[in-house]
Amino acid sequence: MIRHTVLFRLQPGVDWSDARARAAEAATASHPDHIEEILDWEFGRNVTERAVAYDFGLIGTFADREAIDRYLNHPDHIRGVELWREIATWVVADFTVARALPQKAGSVTADPASASGAAHRASPVKASSRPEPPPRGVCRGRVRPRYEFNSATADEGQ
């Protein structure tokens, strides 16, 4: 499992009232509808006002390096890059998911023994014990959620 993380910084003079920024955001939001390699997709605008903060971020989950390569070369991703290139700079990190800390009760983790890599909440047991399976309907498995994005309502969170 690989996480693809991107942080965008809008260029001086560009803010969320700019139609180009909203178009880039909407393109990013729609990637899971067009690119099947995306297993999970999270994105959003920055909510802090720190000088070191970026303006927008995304985290995508992919099965392996080959899936990321297909995503990077997909026409919908290339269109998104072109939109962001007009208005922002960015940094990228692609990393293999690993856990270094013991599980805490209630934390979300992936079951390495599960073929689907399904996420679940850990039971309140010792970190060395395997948690019980989650209740029915809690696991998402490999089902990719479809996102509905409305740039007009996205402004409300600012």
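Which ³J(HN,Hα) values in Hz, rounded to whole numbers, follow from the phi angles of the stretch 80-92 under the Karplus curve 6.51 cos²θ - 1.76 cosθ + 1.60, where θ = phi - 60° and Gly and Pro get x?
Calculated HN-Hα couplings, in order: x, 4, 4, 5, 5, 4, 5, 10, 8, 10, 7, 10, 10 Hz.
For the stretch 18-32, what does the Karplus curve 6.51 cos²θ - 1.76 cosθ + 1.60, with θ = phi - 60°, yield as ³J(HN,Hα) per residue in whole Hz, taken in order and with x for Gly and Pro?
So the Karplus estimates, Gly and Pro as x, are 6, 4, 5, 5, 5, 5, 5, 4, 5, 5, 4, 4, 8, 3, x Hz.
Could you give the nm distance between label points at Ala63 and Arg20, where each point is 7 Å from its Cα heading toward the beta carbon?
Placing both labels 7 Å beyond Cα along the Cβ direction yields 3.7 nm.
Each residue of the stretch 67-76 in order: what ³J(HN,Hα) in whole Hz does its phi give by Karplus 6.51 cos²θ - 1.76 cosθ + 1.60, θ = phi - 60°, with x for Gly and Pro?
5, 5, 4, 5, 4, 4, 9, 6, x, 5
Which far-off residues, 5 or more places away or on another chain, put their amide H under 5 Å from the one on Ala88, with H placed in the peptide plane?
HN-HN under 5 Å from Ala88: Gln11.
So what's the Cα pair-distance distribution over the stretch 1-61, bin width 5 Å, in %?
Percent of Cα pairs in each bin: 4, 16, 27, 24, 16, 9, 4, 0.
What is the distance, in nm, between label points placed 7 Å from the Cα along the Cα-to-Cβ direction at Glu86 and at Thr5?
Distance between the two pseudo-spin positions: 3.0 nm.
At a threshold of 8 angstrom on Cα-Cα distance, excluding pairs fewer than six apart, so keeping six or more, what relative contact order does the stretch 2-98 reach in percent? Working shown, then result.
On the way: 140 pairs, mean separation 48.5, N = 97.
Worked out over the stretch 2-98, it gives 50 percent.
Throughout, read-outs are computed from the coordinates displayed, never taken from laboratory work. This is a predicted model, so every value here is computed, not measured. Please note: Cβ atoms are built from the backbone with ideal geometry, for glycine as well, and neighbour counts cover all protein chains shown.
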